[in-house]
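The values are calculated or read from the model by the stated rules, or taken from the named source; none is laboratory data. Bear in mind that the values here come from a model prediction, so they are computed numbers and not experimental data. Glycine gets a Cβ as well: all are built from the backbone with ideal geometry, and neighbour counts include every protein chain shown. Just so you know, the surface numbers come from the protein's heavy atoms only, side chains and all, with ligands and any DNA or RNA stripped out. Shrake-Rupley method; radii C 1.70, N 1.55, O 1.52, S 1.80 Å.
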Amino acid sequence: MARIVVKFGGTSVANVERIRQAARHVKREVEAGNQVCVVVSAMSGKTNELVGWVSEASKLHDAREYDAVVASGEQVTAGLMAIVLAEMGIPSRSFAGWQVPIQTDDAHGAARIVGIDPTRLESYLADGVVPVITGFQGISPRGRITTLGRGGSDTSAVAVAAAVKADRCDIYTDVDGVYTTDPRIVPKAQRLSKISFEEMLEMASLGAKVLMIRSVEMAMAHKVPLLVRSTFDDPDAPQLAPDGTPGVPGTLVCDEDEIVEKQIVSGVTLAKAEAKITLRDVKDHPGVAAAIFGALADAGIVVDMIVQNISDDGATTDITFTVPDSEYDKALKTLENAGERIAYAKVSGSKGSAKISVIGVGMRSHAGVASSMFKALADKGINIQLITTSEIKTSVLIDEQYAELAVRALHTYYGLDKKDA
């Protein structure tokens, strides 16, 4: 017997028929002898509708009431899932986040989970009842409903899994796993059977949309294995691993030590609509970087790649960084307004770049991955504008018109087109 937390996203519970499909996956696990907790999102599009209603009611609204309204989407789904499971002969009970309770801080609209008391859930599990829990929400120290912000349901599921000491947390979604790159760009992209938490974190932060960063961070901290799999697979079909052998479908996100064969490169990611900004001849003294990026942070602008070049005499420096295309004009205005605190000769920049990254824990023990990446791009005539690296990642900024060509070239160059990738 295993204890499993299963989470269904919005597309997986978009209507009652899809809820029935999701419930069949739960039934399969229960009939296999496993204890199961379910965490659900709101039906697809419902949260946006609720947010729209709040804005229509008042542009300046109380964040506590915003949460009270927006949290109702998951409550509908949880109740319907419990009803469908009961109809299938699976004893079930729905729980709002506050009934568990899932305790959060007071940051309404973007709360963080601070603790979960598993006593009630464990009691129901011991009695053979499937708890169905609302994702995306909890209760504040003042007893108010809170919502967790973007990716909140994934985070809720991982937190519940950690609290009840689950063997695994299954994230059911509209894709059947994590791929070496976007299959829409590279049809030969391969589904990975396993990927490390660190690799998944990098992929999530660099453009892959399969899992939210917060949930992967929490899973890594609590050592909760995550399984990414498709709700739309036939629940009654034989359970087969990506290599076709009997096992669990999808991609397992786990500790690096559980992966025997570590690929040098596990994946290639693409993030489009990147803008590049360069500050020329910035007076080089302590605190200048803090002044530049502090001003951008205060304006709510997320900065990504940063490269600094010091002049020969050490008196000035050029600082280049990237922001989303949508924030480009705002960033230039912010730097202009901060000109008195930041002494620089001029600012230049452009939109329409793309960030390409290669990721793999095997890069730690293999030299030359970055140089081979640069050669592969050079062979295709693609110029590199910026380079940043970490222990398991190398990212480059290139012209957006060459983005998909670069992804395909690197995917082939590192052997990821092969079935055993």
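What the table below lists for this structure:
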{"read-out": "Single condition Ser156 does not satisfy, out of (1) surrounded by fewer than 24 Cβ atoms within 10 Å (Cβ to Cβ); (2) within 23 Å of Gly10 (Cα to Cα)", "value": "(1)"}
{"read-out": "Any strands (runs of 3 or more DSSP E) falling wholly within the range 70-136 and containing at least 3 residues that are under 16 Å from Ser41 (Cα atoms), open to solvent by less than 10 Å² (accessible area, probe 1.4 Å) and touching a Leu at 6+ places or on another chain (Cβ under 9 Å)", "value": "130-134"}
{"read-out": "Residues satisfying the stated conditions in the range 36-69, i.e. touching a residue at least 12 places away in the same chain (Cβ under 8 Å), of a type in the set (A, V, I, L, M, F, W, C) and part of a helix (DSSP H, G or I)", "value": "Leu50, Val51, Trp53, Val54, Ala63, Ala68, Val69"}
{"read-out": "Thr11 vs. criteria surrounded by 19 or more Cβ atoms within 10 Å (Cβ to Cβ) and hydroxyl-bearing (Ser, Thr, Tyr)", "value": "no"}
{"read-out": "Matching residues in the range 274-297 - criterion: being under 24 Å from Lys355 (Cβ atoms) and of a type in the set (D, E, K, R)", "value": "Glu274, Lys276, Arg280"}
{"read-out": "Condition met for Ala370 (hydrophobic (A, V, I, L, M, F, W, C), in a helix (DSSP H, G or I) and under 22 Å from Leu201 (Cα atoms))", "value": "yes"}
{"read-out": "Hits in the range 239-280 - residues which are in contact with a Phe, Trp or Tyr (Cβ under 7 Å, 6 or more places away or on another chain) and among the basic types (Lys, Arg)", "value": "Arg280"}
{"read-out": "Residue within the range 141-157 that is closer than 19 Å to Ala241 by Cα, part of a loop (DSSP other than H, G, I, E, B) and touching a residue at least 12 places away in the same chain (Cβ under 8 Å) present", "value": "no"}
{"read-out": "Single unsatisfied condition, Val253 versus (1) open to solvent by 60 Å² or more (accessible area, probe 1.4 Å); (2) in contact with a Leu (Cβ under 7 Å, 6 or more places away or on another chain)", "value": "(1)"}
{"read-out": "Subset of the range 173-197 that is part of a strand (DSSP E or B) and not polar (S, T, N, Q) - its residue that is nearest to Ala271 (Cα to Cα)", "value": "Tyr179"}
{"read-out": "Flag if Gly151 is at pLDDT below 90, closer than 23 Å to Pro225 by Cβ and not acidic (Asp, Glu)", "value": "yes"}
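One line per residue, one yes/no per condition, for (1) in contact with a Phe, Trp or Tyr (Cβ under 9 Å, 6 or more places away or on another chain); (2) assigned to a loop (DSSP other than H, G, I, E, B); (3) buried (at least 22 other Cβ atoms within 10 Å of the Cβ); (4) modelled with pLDDT of 90 or more:
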{"residue": "Glu199", "(1), (2), (3), (4)": "no, no, yes, yes"}
{"residue": "Lys209", "(1), (2), (3), (4)": "no, yes, no, no"}
{"residue": "Val216", "(1), (2), (3), (4)": "yes, no, yes, yes"}
{"residue": "Met220", "(1), (2), (3), (4)": "yes, no, no, yes"}
{"residue": "Val224", "(1), (2), (3), (4)": "no, yes, yes, yes"}
{"residue": "Ala237", "(1), (2), (3), (4)": "no, yes, no, no"}
